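Chemist: Take a look at the following structure, please.
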Amino acid sequence: MIIPVTCWAGSPKLARDLKASKPGSTVDVIVQFASSPASKQHAKIQQRGGRLKTELGLIQSAAYAVSSDTLDDLAADPEVVYISPDREIGPTLDYSIPTVGVPLALQYGWDGSGIGVAIIDSGVLPPKDLAIANAPNTSRVVYSKSFVPKVTSTTDQHGHGTHVAGIIAGNGAASTGTGYFKTFRGIAAHARLINLRVLDANGVGTDSNVISAIDHAIKIKNTYNIRVINISLGRPVFEGYTKDPLCQAVERAWKAGIVVVVAAGNEGRNQSLGTDGYATITSPANDPLAITVGAMKHMGTPSRADDRIASYSSKGPTLIDHVVKPDLVGPGNRIVSLAASKSLIATNSTANKILYSYYQSTSSKSYSADYYRLSGTSMAAPMVSGAVALMLHKDPALTPETVKARLMKTATKIFPMYSTAVDPVTNRQYVSQYDIFTVGAGYLDVWAALNTLDVVPAGSTAASPIAVFDAGTNKVRVVNANTSIWGKAALWGTAAVWGSAAVWGSSAFVEGAAAVWGTSAVWGSAAVWGTAGVTGNAAVWGTAAIWGTGNSASMESLNQLVNGEN
């Protein structure tokens, strides 16, 4: 549910959703300090009756359990920069591999060998598809650690993380050989996986779990050559990315040389603020540095031409900061990948299951124990993470900035104006239009990204730019060109993503006939922030608006995760 918040008399150092704390109650919070907290800072919390739970030195913070009655006093401490709840976070949940151009990469030997991909998720239950080729008893999951409090097991009890792992690096061993007519292979079949468990058996975790996992990934980066972090998780946005502790952790990883790929969220059908699903990108996908990925439907063919956006895929711009997101889209609907046996999803949802006869010659009516389907931007993000592993296998010297720029430059940009989709659970029809805030720079094209030579100059950034709404003209333009590669001197010049001007030039209005998608696009007169969209205008561009009161793994999101859409 989306809740507009117009004002709160509390300290600006206190996150607005702390307002819901009951007087005298104990709340779990993350306190960001001006410098890394030590015993002195911990003692101040303890003097107020608080308790240290987790040190989060990566972002000069720590997680504490404190009384809600002490929050104002704590915020008055000059060493305290910002206090937010230790919020819950959850999953943002056949033909997809050829659709994005992977077979050609495999023919040329680019398979992710030697590249470490950290999966921050519900754990991984390594099946034979994650073993080393010709060594079925040797797993490519080279490291595992749990960050779920009081849980040491790294086994996937929920089922989400194993599915993500298969999309990134499954080698199709359980669907290859005599009698099989479909093979379910991941993008980077020789990549090494680092399993960092942050979600419990119900698919629920916290900000501090994820921050601790990101911190650990940075610490062991050189040991396991971790070049990519996949975060197919999210929760609502409650403050700008410069204050959001999740976003701050993502930025630390990016600046440490790790490409961070994040699912955009599954809130594209959210109409609570009258925005037609715009401004529903979740955190930490709202961070400008991260590569934010939306979900496409592959439509059961190996061609990209007939693919359509999944209507549940969250749309930009980001709430509060108005960052242009998603950055690109990839296959995410009804994706077949690895099953974690006895996990919550695999056990409880028949809708996810596929018959053995779906991919092998058999008369059996039994369901596969090796594979099942899931849908969501959670499935689209690992498509991109796998692509990044291939790019880094080919050229290990690539920086995160260059990786992001190449992916966006080469993304396929041919889409229809509009498409419709039906939710199989509610039978409700949704209409989607293909604009910058729905599909970003376009559709993942792995082969094209592997064959692009552009390099982002040292000192430049591929941070996603900011959208600005001009109330006088009902048009949107994009700023920050001077601090990014997207300006007039953009590395791909006049062959821009949209229009004859630069990709997101400082003077380029993203509207009208100059744009790839023409006059009926999101910035047209009937758009959510056009003349017919007064409610949407206030919600998207209102500086005090926040949305969501709980875990993003809502029932709607879970329905999408299980059933996908037609």
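No lab work stands behind these numbers, since they all come straight from the coordinates. Just so it is clear, the model here is predicted, and its values are computed rather than measured. Reconstructed Cβ throughout: ideal geometry from the backbone, glycine too, with neighbour counts over all protein chains shown.
Chemist: Rank the residues R227, R304 as a footprinting-exposure proxy: fewest other Cβ atoms within 10 Å of their Cβ go first. The partial results should precede the final answer.
Modeler: Numbers: R227 25, R304 21.
Ranked by crowding around the Cβ, least crowded first: R304, R227.
Chemist: Separate question: Along Cα→Cβ, 7 Å out, is where each label goes; now give me the distance between the ones at T178 and A65 in nm to one decimal.
Modeler: Between T178 and A65, the label points sit 6.0 nm apart.
Chemist: By counting other Cβ atoms within 10 Å of each Cβ, how are H163, H393 ranked from fewest to most?
Modeler: Working: H163 36, H393 21.
Ascending number of Cβ neighbours within 10 Å: H393, H163.
Chemist: How high is the FRET efficiency from D73 to T242, r the C-beta distance, R0 22 Å, rounded to 0.05? Intermediate values should be presented prior to the final figure.
Modeler: On the way: r = 24 Å, r/R0 = 1.10.
So the FRET efficiency works out to roughly 0.35.
Chemist: Under a crude label model (7 Å from the Cα following the beta-carbon direction), how far is A305 from K342 in nanometres?
Modeler: Going by the 7 Å Cα→Cβ label model, 4.9 nm.
Chemist: Residues in the range 412-434 near a label at A351, defined as backbone nitrogen under 12 Å from the 7 Å Cα→Cβ point?
Modeler: 423-428
Chemist: Follow-up. How would you rank S366, S144, S208, going from fewest to most other Cβ atoms within 10 Å of each one's own Cβ? All intermediate terms of the calculation are to be shown ahead of the outcome.
Modeler: Working: S366 10, S144 18, S208 28.
Taking fewest neighbouring Cβ atoms as first place, the list is S366, S144, S208.
Chemist: Report ³J(HN,Hα) in whole Hz for each residue of the range 429-446, in order, from the Karplus equation J = 6.51 cos²θ - 1.76 cosθ + 1.60 where θ = phi - 60°; Gly and Pro get x.
Modeler: Using θ = phi - 60°, the values come out as 9, 10, 10, 10, 10, 9, 10, 4, 8, 10, 10, x, 7, x, 9, 3, 10, 5 Hz.
Chemist: Determine which residues of the range 270-312 fall in the zone a paramagnetic label at I414 would reach in this model, i.e. backbone nitrogen under 20 Å from the point 7 Å along Cα→Cβ.
Modeler: Under cut-off, by backbone N: 296-310.
Chemist: Summing Lys, Arg as +1 and Asp, Glu as -1, what charge do residues with Cβ under 14 Å from the Cβ of S113 carry, S113 excluded?
Modeler: Working: positive: R140, R192, R227, K394; negative: D111, D395.
With Lys, Arg at +1 and Asp, Glu at -1, the neighbours total +2.
Chemist: Taking the range 204-358, how much of its Cα-Cα pair set, in percent, is spaced more than 20 angstrom apart? Walk me through the numbers before you get to the answer.
Modeler: Working: 6793 of 11935 pairs.
When all Cα pairs of the range 204-358 are counted, 57 percent exceed 20 Å.
Chemist: If the only charges are +1 at each Lys and Arg Cβ and -1 at each Asp and Glu Cβ, what is the size of the charge dipole of the range 90-444 around the Cα centre, to the nearest 20 debye?
Modeler: 560
Chemist: How compact is the range 16-86 by the rule of thumb for globular proteins, expressed as Cα Rg over 2.2 N^0.38 Å?
Modeler: Details: Rg = 10.9 Å, N = 71, 2.2 N^0.38 = 11.1 Å.
For the range 16-86, the normalised Cα radius of gyration is 0.98.
Chemist: Taking only the alpha-carbon positions of the range 90-444 and ignoring solvent, what does the Debye formula give for the base-10 log of I(q)/I(0) at q = 0.08, 0.12, 0.14 Å⁻¹?
Modeler: Debye intensities relative to I(0), on a log10 scale: -0.33, -0.78, -1.10.
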